[in-house]
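The values are calculated or read from the model by the stated rules, or taken from the named source; none is laboratory data. Keep in mind it's a predicted model, so treat the numbers as computed, not measured. Every residue, glycine as well, gets a Cβ built from its backbone with ideal geometry; the counts of neighbours run over all protein chains shown. For accessibility, only protein heavy atoms count, side chains too; no ligands or nucleic acids. Shrake-Rupley method; radii C 1.70, N 1.55, O 1.52, S 1.80 Å.
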Amino acid sequence: MTETQGPAHKRNMTRRKVVVAGGAAVAAVGVGGGIAVNAFAGETSGDASSSSSSAETCYKLTTETTEGPYYIDADKIRQDITEDQEGIPMTLELKVIDAETCKPVKNAAVDIWHCTALGVYSGYEVMGSGGAGGGGTQPSGAPSDAPSGTPTGEPPSGAPSGGTGGGHSEPTDDERYLRGTWKTDKRGYVTFKTIFPGWYQGRCVHIHVKVHVDGEWTSAGYEGGHTCHTGQLFFDEKAVLASAEVSPYSTNTTTRTTLDEDTIYPDNGHEGGLLYLKYNEKNIAKGVHAHLTMGVAPDETHDSTDTQPSAAASSS
């Protein structure tokens with residue numbers, strides 16, 4: 001596979017601020033051990049069991065992908081983002097490392113957000129299933145509360161299609177389920193509790209992720225710094241097909257886009273965000289553990305619709 005590097009120059013710093021609801025203090029996450037290398041090398045995604053390789057190989061840069069129209073600069077500093085959403089329980093463990101040095105990126109702010117089992121994003125319920133119609137539960141009535149978070153960037157000129165656009169849509173409500181921000185510990189780990197995502201028209205099952213560095217954690221949240229990675233995390237077809245047999249996913253009537261059909265997935269495996277998964281193959285409803293080591297370039301800025309891959313995305 002031929003490799004190419006992304007932009008090497010540093011870009012201007014961008015300013016972001018995260019406010020913790022209620023002023024709760026932020027604490028570091030202590031997750032697992034290990035050294036600052038690929039902790040999950042050699043594992044098989046979608047398998048009920050996994051193994052670790054002794055090869056201490058540094059990860060390549062994880063591919064940058066589009067932010068999509070539904071990002072909201074987070075106001076929820078938390079690990080458990082489930083709220084009252086129904087679905088297969090899932091633990092998502094990410095390890096963030098400097099792809100050049102293999103050293104863990106500690107104290108980074110990691111954002112994740114994804115749709116419900118029926119394909120609806122919080123903050124955009126009025127748009128229904130991913131803003132593309134079909135499947136999921138269409139909300140009734142107009143939202144009565146103003147959103148508590150502020151979306152970054154300018155709203156798009158037209159309506160989003162399948163959630164794949166780069167522009168932002170203004171939030172339609174103040175719901176913030178399945179969204180959250182937490183900090184990496186000294187080993188570069190961050191863990192979230194959520195549900196297995198569903199799907200909506202035009203997209204395969206995925207989770208959005210951002211990594212912010214060089215900011216400051218305070219009792220009020222995370223301030224300053226810049227975004228060094230904007231990407232998406234993906235699920236293999238075996239796991240998605242298994243989830244589709246479980247309620248409420250089984251009630252989602254939207255035609256599902258497969259991983260191979262998706263126009264955003266870079267088709268380069270774990271380098272492109274394909275998660276390693278562990279679950280009971282006979283009963284996925286019991287829960288899923290997903291994990292991935294993400295290689296980032298802390299000195300670079302990738303904060304919006306930068307879709308140029310950090311490494312070549314070759315088809316397999």
- Tell me, yes or no, whether the range 127-140 has at least one residue that is at pLDDT 95 or above and open to solvent by 30 Å² or more (accessible area, probe 1.4 Å). no
- Message: Condition (residue is among the β-branched types (Val, Ile, Thr) and closer than 24 Å to ARG78 by Cα) applied to the range 246-257: is it met by at least one residue?
- Response: no
- Note on the structure: Residues of the range 88-101 being open to solvent by 30 Å² or more (accessible area, probe 1.4 Å) and not in a strand (DSSP E or B), in sequence order, are GLU100, THR101
- All-but-one check, ILE81 against (1) within 23 Å of LYS238 (Cα to Cα); (2) open to solvent by less than 50 Å² (accessible area, probe 1.4 Å); (3) modelled with pLDDT of 50 or more, failing number (1)
- Message: Tell me whether the range 217-236 contains one or more residues that are at pLDDT 95 or above, open to solvent by 10 Å² or more (accessible area, probe 1.4 Å) and more than 24 Å from PRO104 (Cα to Cα).
- Response: yes
- Note on the structure: Counting only residues in the range 36-78 that are at pLDDT below 50 and of a type in the set (D, E, K, R), the one farthest from TYR276 (Cα to Cα) is identified as GLU56
- Task: Any chance you could count how many residues in the range 170-201 are surrounded by fewer than 23 Cβ atoms within 10 Å (Cβ to Cβ) and not aromatic (Phe, Trp, Tyr)?
- Result: 13
